[in-house]
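Comments concern the structure below.
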Amino acid sequence: MIRFLIACFCIFLWLGKETKAQNFTKNIGIKVGLASNWLAPVPEEVVSRGNLLGYQVGIFGRITTPITNFYFQPELYYAQKGGRYTLLGAVEKEARINTIDLGAHLGKRLFMGYGRVQIGVIFSSVASQELMTKTPISTFTTPIENLNGFMMGMQIGIGADLKKFTFDIRYESILTNLVSVDNYFKPRGLQFSVGFKIL
């Protein structure tokens, strides 16, 4: 699945390169960011929920139309999702899920091209994962049982461009259940990222 996501990103870039309208603006860049992640909804036995600091690092492309300033932006990056929660009996759990993400966004540039709004879909393939459990007497780590290896979600956000730098704030909501046996613990996140246009 990871190879499939990488192949899709390369196809997106190739399509952008082959665009016949020469006055389209085309960019390729790198991006890094941090995210405040949590899991929702949670079952009744969860007495409290906390956020987990995650990160993302990857590459992006952008094709902007002339005059209308609409753009299409594919992205491929490595990210960490997850969250913390506490069960009855003071049992604390921390889920960390590292994924390869393929995003496809549609947006529009505003305010003379300096600002942006965007919405898109995201496809995530799990690269690694762990569940840390902390009880009053011990701490141990186990794999997340029945974890879905492939997830799909959506992102919505705003951004800004300053010369070659890009800045983005996005809300991410994974629509797929984290585990295949119930309807709880879907990854959510608020992301802050900075990019640099190489081309």
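Taking segment 21-60 as the range and being in contact (Cβ under 8 Å) with a residue 40 or more places away in the chain and of a type in the set (Gly, Ala, Ser) as the test, the residues that pass are Ala21, Gly29, Gly33, Ala35, Ser36, Ala40, Gly54, Gly58.
All of (1) more than 26 Å from Asn37 (Cα to Cα); (2) of a type in the set (S, T, N, Q); (3) in contact with a strand residue (DSSP E or B) (Cβ under 6 Å, 6 or more places away or on another chain) hold for Thr65 with one exception: (3).
Report those strands (runs of 3 or more DSSP E) wholly inside segment 108-199 carrying at least 3 residues which are small (Gly, Ala, Ser) and over 21 Å from Ala95 (Cα atoms). Break it down into steps so the answer makes sense when it comes.
Values: elements: 115-134, 139-142, 150-162, 165-174, 186-197.
Passing ranges, in order: 150-162.
One residue alone among Ala90, Ala127 is touching a residue at least 40 places away in the same chain (Cβ under 8 Å), in contact with a Phe, Trp or Tyr (Cβ under 8 Å, 6 or more places away or on another chain), surrounded by fewer than 18 Cβ atoms within 10 Å (Cβ to Cβ) and among the hydrophobic types (A, V, I, L, M, F, W, C), and that residue is Ala127. Would it be correct to say that Gly61 is farther than 22 Å from Ala160 by Cα, part of a strand (DSSP E or B) and small (Gly, Ala, Ser)? Taking the combined requirement at face value, the residue does not satisfy it.
Restricting to segment 151-199, count the residues that are of a type in the set (Gly, Ala, Ser), farther than 18 Å from Tyr71 by Cα and at pLDDT 90 or above. Adding up the residues that qualify gives 4.
Conditions (1) modelled with pLDDT of 95 or more; (2) outside any strand (DSSP E or B); (3) out of contact with any helix residue (DSSP H, G or I) (no Cβ under 8 Å at 6 or more places or on another chain), marked per residue:
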| residue | (1), (2), (3) |
| --- | --- |
| Thr68 | no, yes, yes |
| Tyr78 | yes, no, yes |
| Asn98 | yes, no, yes |
| Leu102 | no, no, no |
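Answer yes if at least one residue in segment 92-106 is over 18 Å from Asn177 (Cβ atoms), in contact with a Cys (Cβ under 8 Å, 6 or more places away or on another chain) and not polar (S, T, N, Q), and no otherwise. Yes, some residue in segment 92-106 is over 18 Å from Asn177 (Cβ atoms), in contact with a Cys (Cβ under 8 Å, 6 or more places away or on another chain) and not polar (S, T, N, Q). Of all residues in segment 100-120, those that are loosely packed, with under 13 Cβ neighbours inside 10 Å have Cβ atoms under 7 Å from Cβ atoms of residues that are not in a strand (DSSP E or B), 6 or more apart or on another chain, in Gly113/Asn69.
The values are calculated or read from the model by the stated rules, or taken from the named source; none is laboratory data. Treat the numbers as computed from the prediction; the structure is a model and nothing was measured. Cβ sites come from the backbone with ideal geometry, for glycine too, and all protein chains shown count toward neighbours.
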